[in-house]
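The values are calculated or read from the model by the stated rules, or taken from the named source; none is laboratory data. Nothing here was measured: the structure is a model prediction, and the numbers come from that model. So basically every Cβ, Gly included, is an ideal-geometry build from the backbone, and we count neighbours across all protein chains shown.
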Amino acid sequence: MYTLKCEECQKLFQSVYLSYLHEGVRKRRRYCSRKCAMDVHGREATARRLKKIVPADPNFYIKLLMPEHPRGQVNGYVDEHIILAEQALGKYLPPKAEVHHVDRNRQNNSLGNLVICENKKYHRLLHAREDRLNDTGSLDMKRCCCCHAVKSLDQFNSNVVSWDNLSAVCKSCRAIKRKEYRAARISAY
């Protein structure tokens, strides 16, 4: 009878055999029970499964090999930020949900940098608001795409198609464009 120390739980255990035969190879006994052996081998398998692909280009997402994941059915890889968001949420993300990187660095997957968006439209809204804030310093100001001047929101006409329901051209530029258009129409006759 041999007294051995389990490599997983560090508990001393008694064994009749010092080693065992596995696939024609003699191996030393390392664990006190099948549970300890499966715990270790399960962690090793998870580590192998979670093999990361970290691209050199920061414009690409870090990917994890997870073929059993619903989003990994195509090639077996899932973006790491999606896995982290799902772990924080405690369940799989809905199919249309997206994860937004606050600092726009696709490889910075810290939980403080990730925002779960319900759909692509909301994700685009976050980017548009951030762009306006960076451009003008305030969400109450907007840059005219014609004269490039930063003006208050009441200087723009309404437009239901835009994310902020405002036209891209300010009222004064719009009036100038209308006059030019009318003059061109009159001179055409």
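Tell me, yes or no, whether region 147-154 has at least one residue that is of a type in the set (D, E, K, R), out of contact with any Lys or Arg (no Cβ under 6 Å at 6 or more places or on another chain), closer than 30 Å to Lys63 by Cα and surrounded by fewer than 13 Cβ atoms within 10 Å (Cβ to Cβ).
No, because not a single residue in region 147-154 is of a type in the set (D, E, K, R), out of contact with any Lys or Arg (no Cβ under 6 Å at 6 or more places or on another chain), closer than 30 Å to Lys63 by Cα and surrounded by fewer than 13 Cβ atoms within 10 Å (Cβ to Cβ).
Mind listing whichever residues of region 38-74 are at pLDDT 80 or above and not basic (Lys, Arg)?
As a first pass, look at region 38-74 and keep what is at pLDDT 80 or above: 60-72.
Within region 38-74, Phe60, Tyr61, Ile62, Leu64, Leu65, Met66, Pro67, Glu68, His69, Pro70, Gly72 meet the criteria.
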Problem - Residue list for region 145-170, restricted to those being more than 28 Å from Val102 (Cβ to Cβ) and either in contact with a Phe, Trp or Tyr (Cβ under 8 Å, 6 or more places away or on another chain) or aliphatic (A, V, I, L, M) (or both) - result: Ala149, Val160, Ser167, Val169, Cys170
Exercise for the section: Scan region 171-189 and report the pairs whose first residue is under 18 Å from Asn159 (Cα atoms) and whose second residue is assigned to a helix (DSSP H, G or I), with Cβ atoms within less than 8 Å and a gap of 6+ or a chain change. Expected result: Lys171/Gln155; Ser172/Gln155
Completion exercise
Quick count over region 161-189, residues being touching a strand residue (DSSP E or B) at 6+ places or on another chain (Cβ under 9 Å) and among the basic types (Lys, Arg), is 3
Fill in the blank from the handout: Inside region 146-181, the number of residues satisfying the requirement of being in contact with a Ser or Thr (Cβ under 9 Å, 6 or more places away or on another chain), in a loop (DSSP other than H, G, I, E, B) and under 19 Å from Leu125 (Cβ atoms) is 2
